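Below: the structure, in structure tokens.
What follows is calculated from the coordinates using simple rules that are stated; it is not laboratory data. In this text the structure is predicted, and so the values were computed from the model without any measurement. Using ideal geometry, Cβ is built from the backbone for each residue, glycine included, and neighbour counts are taken over all protein chains shown.
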Amino acid sequence: MTLQALIWDVDGTLAETEEAHRHAFNRTFRAHGYDWEWSQAMYRELLKTTGGVERITHYLRSDRPGALPEDTFVDTVKALHKAKTASYVNAISNGEVPLRPGVARIMREARAAGVRLAIATTTSAPNVEALINNCAEGVRMDWFDVVGAGNIVPKKKPAPDIYNWTLEKLGLDPRRCVALEDSRNGLFSAQAAGVPCVITYSSYTDDQEFPGALAVADCFGEPAAPVPAVSGDFGGKRHVDLDLLRRWHAAAVSASV
């Protein structure tokens with residue numbers, strides 16, 4: 001059963017975007033007259049809740065009960081998230097957030113080999129498009145056959161919904177794909193959908209554990225900038241490439257038979 005598609009997470013996987021998100025949340029809160037400030041430590045905890053609307057809601061229910069009137073709570077949170085997305089897109093459009101090492105190279109290798117590309121993320125479609133359309137590495141939105149983003153499924157990661165939706169649109173068996181994630185929630189989402197998963201943890205997920213991942217590294221690396229393996233059989237390689245992804249995929253499929 002050959003590898004036919006790579007399914008990418010976005011925030012933390014394609015790029016180290018979480019700081020840009022955190023600053024956008026804080027700018028939005030200030031602009032709307034709220035004294036809420038998310039520190040890096042707080043945001044690390046808040047990232048355990050996937051989805052921007054869900055994250056604001058969790059924060060308010062847990063840390064700021066009664067901060068918003070109940071009769072307008074849902075609408076206010078949605079409006080705040082919409083404003084935050086606009087702030088984030090404006091910041092990211094300046095091209096200040098590069099793709100992580102190895103991402104663009106692996107995508108080019110996959111395209112050259114006829115391996116399809118897809119996205120499965122809980123971040124909004126405008127966020128995805130802003131990152132891809134303004135990255136300096138030349139990746140384009142039309143490289144992706146399917147973009148699963150935003151609120152197109154009822155449950156966010158770690159639920160498998162976004163992967164199930166993406167697989168349905170791809171028309172592929174999950175065992176013909178590999179997911180690329182940076183977080184425990186993303187790993188569990190992919191696994192629940194039956195998709196083998198490789199982890200490159202980010203600055204906000206480097207303290208997490210990733211049971212059952214095909215391999216774990218702190219980035220994909222480049223031939224001239226090798227990366228040490230954290231877990232998994234790298235076969236002596238010091239960077240992740242399509243050949244290595246194919247080997248991990250083949251081993252996972254063989255083990256599942």
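Things to note:
- Rounded to 5, percent antiparallel among DSSP beta bridges of the chain: 20
- Once backbone amide H atoms are built at 1.01 Å from N, residue 148 has 119, 120, 121 as its partners under 5 Å, excluding neighbours fewer than 5 places away on the same chain.
- Annotation: amide H-H contacts under 5 Å for residue 227 (H modelled 1.01 Å from N, sequence separation of 5 or more, or interchain): 222, 239.
- A dipole drawn for region 146-242 from +1 and -1 charges on Cβ atoms has a positive end, and of 217, 202, 160 the residue lying farthest that way is 160.
- Amide H to amide H, with H built 1.01 Å from N, residue 116 comes under 5 Å of 5, 6, counting only residues 5 or more places away or on other chains.
- Cα Rg over Rh - region 102-161, Kirkwood: 1.00
- When every Cα-Cα distance of region 122-257 is counted in 5 angstrom steps from zero, the calculated P(r) takes the values 2, 10, 17, 20, 23, 18, 9, 2, 0 percent.
- Taking other C-beta atoms within 10 angstrom as a stand-in for reagent exposure, 42, 107 fall in the order 42, 107, fewest first.
- Lys, Arg +1 and Asp, Glu -1 on Cβ, resulting dipole of the chain about Cα centre, debye, nearest 20: 400
- When 85, 121 are sorted by how many other C-beta atoms sit within 10 angstrom of their C-beta, beginning with the fewest, the order is 85, 121.
- Seen against the Cα atoms of the chain and their longest principal axis, helix 52-63 is set at about 50 degrees.
- Residue by residue, region 85-90 carries 3J(HN,Hα) couplings of 4, 4, 5, 5, 4, 4 Hz when phi is fed to the Karplus relation 6.51 cos²θ - 1.76 cosθ + 1.60 (θ = phi - 60°); x denotes Gly or Pro.
- Over the chain, DSSP H runs of length four or greater, each weighted -39,500 (n - 2.57), average out per residue to a 222 nm ellipticity of -13000 deg cm²/dmol.
- Residue order, fewest to most beta carbons within 10 Å, for 13, 50: 50, 13
- Rounded if a/c under 1.5, otherwise prolate or oblate - region 138-202, Cα gyration tensor axes: rounded
- Between 0 and 90°, nearest 10: helix 103-113 axis offset from the chain longest Cα axis: 40
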